[in-house]
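A.B. asks: Structure incoming, see below.
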Amino acid sequence: MAKTIFITGASRGLGRIWAEAFLKRGDNVIAAVRTPKVMNSLLDEYPSSLLTLQLDVTDKQACLQAVEKSTERFGRIDTLINNAGYGHFGAIEELTEQEVTAQFQTNVFGAIWMIQAILPLFRKQKDGHIIQLSSALGLSTLPSFGLYSASKFAVEGLGEALDQEVKGFGIHVTILEPNGFATDFAGSSLSHSKPLDVYNQVKESIGSLQGAKPEDTGVPEATVNAVLTLVDTENPPLHFILGKAALPWVKNTYAQRLKTWGDWEKVSNDAHGK
């Protein structure tokens, strides 16, 4: 039975690849993009099963209207893939107020507005699946990606709380945590702060760090089967790491944290006071 999938940020990268995969197997797709004309070739190929909507996810009212238009067209939505977002490269000291605000407006507030827009429909249907794009950088960090990581750490917390809030309505939540893939994430999609020379050495070291080496980059098209499987699974996981490079890196990060917490456990317990 065909599903109806709503994908934000569907114009390029992983979002575009997933939209094409769903359409190819016979699903309906709502592609929410900033520039609808970039979807014209797909629309020509799938005129009845693709709805292209112009959407800026930072506009809450537009998110509500997008869900309304989608249900008018297809009757229901089975899955929201909250994919819209972008990366930012810059040391914490280099960040401007405008850069910080813009990153959170899209990656965090945009995710919230779409979740709020879809939940009344999912509660009415008594089912639905929210797949929230996070990142391996929402579990572990790299220098100069602190702002992006902060936005994805926020998304992790939102997704975990959301899962506890909506599971009683028959709604599933999956936080998708990709490692790096060979998309334009590190190219035209990546914004940059004005650099300070004092951080040049730190930035030059990034390529040799675990999780950021060239061989850690995955093939975008290889993600299709995993995403289709998540959408079709009756009981999807809350957390799902996409790619093979992230898990060893994240395991190492959490092992270090556990060791530190253990080493300082007595001081922590004494601070409790009783």
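A.B. asks: Identify, by number, the condition in (1) free of Cβ contacts under 8 Å to residues at least 60 places away in the same chain; (2) farther than 21 Å from L139 by Cβ that G207 doesn't meet.
C.D. replies: Of (1) free of Cβ contacts under 8 Å to residues at least 60 places away in the same chain; (2) farther than 21 Å from L139 by Cβ, only one is false for G207: (2).
A.B. asks: Output the number of the condition that I30 fails; it satisfies all remaining conditions of (1) closer than 18 Å to Q116 by Cβ; (2) out of contact with any Lys or Arg (no Cβ under 9 Å at 6 or more places or on another chain); (3) of a type outside the set (K, R); (4) outside any loop (DSSP other than H, G, I, E, B).
C.D. replies: Of the numbered conditions (1) closer than 18 Å to Q116 by Cβ; (2) out of contact with any Lys or Arg (no Cβ under 9 Å at 6 or more places or on another chain); (3) of a type outside the set (K, R); (4) outside any loop (DSSP other than H, G, I, E, B), the odd one out for I30 is (2).
A.B. asks: Applying the selection to the stretch 151-189, what residues are without any contact (Cβ under 8 Å) to a residue 12 or more places away in the chain, farther than 22 Å from I17 by Cβ and of a type outside the set (S, T, N, Q)?
C.D. replies: G157, A161, E165, K167, G168
A.B. asks: Here's a follow-up. Test P220 against the stated conditions and say whether it is touching a Leu at 6+ places or on another chain (Cβ under 7 Å), under 22 Å from G138 (Cβ atoms) and touching a residue at least 24 places away in the same chain (Cβ under 8 Å).
C.D. replies: The answer is yes for P220.
A.B. asks: Taking K194 and the conditions (1) out of contact with any Pro (no Cβ under 6 Å at 6 or more places or on another chain); (2) over 30 Å from K3 (Cα atoms); (3) surrounded by 10 or more Cβ atoms within 10 Å (Cβ to Cβ); (4) touching a residue at least 60 places away in the same chain (Cβ under 8 Å), which numbered condition does it fall short on, given that it satisfies the others?
C.D. replies: (3)
A.B. asks: List the helices (runs of 4 or more DSSP H) inside the stretch 50-131, counting only whole elements, that have at least 3 residues being surrounded by 17 or more Cβ atoms within 10 Å (Cβ to Cβ) and touching a residue at least 60 places away in the same chain (Cβ under 8 Å).
C.D. replies: Ranges flagged: 60-74, 110-125.
A.B. asks: Considering every residue within the stretch 144-152, establish whether at least one is part of a loop (DSSP other than H, G, I, E, B), crowded, with 16+ Cβ neighbours inside 10 Å, in contact with a Leu (Cβ under 8 Å, 6 or more places away or on another chain) and not charged (D, E, K, R).
C.D. replies: Yes, the stretch 144-152 has at least one match.
A.B. asks: Examine the stretch 243-250 for a residue that is over 24 Å from the mean Cα position of the chain (by Cα), touching a residue at least 40 places away in the same chain (Cβ under 8 Å) and either over 22 Å from K152 (Cβ atoms) or surrounded by 11 or more Cβ atoms within 10 Å (Cβ to Cβ) (or both), and state whether such a residue exists.
C.D. replies: no
Any read-out appearing in this document is the output of simple, stated calculations on the displayed coordinates, not a laboratory observation. As the structure is a prediction and not an experimental result, all values here were calculated from the model. Cβ atoms come from the backbone with ideal geometry, glycine included; neighbour counts cover every protein chain shown.
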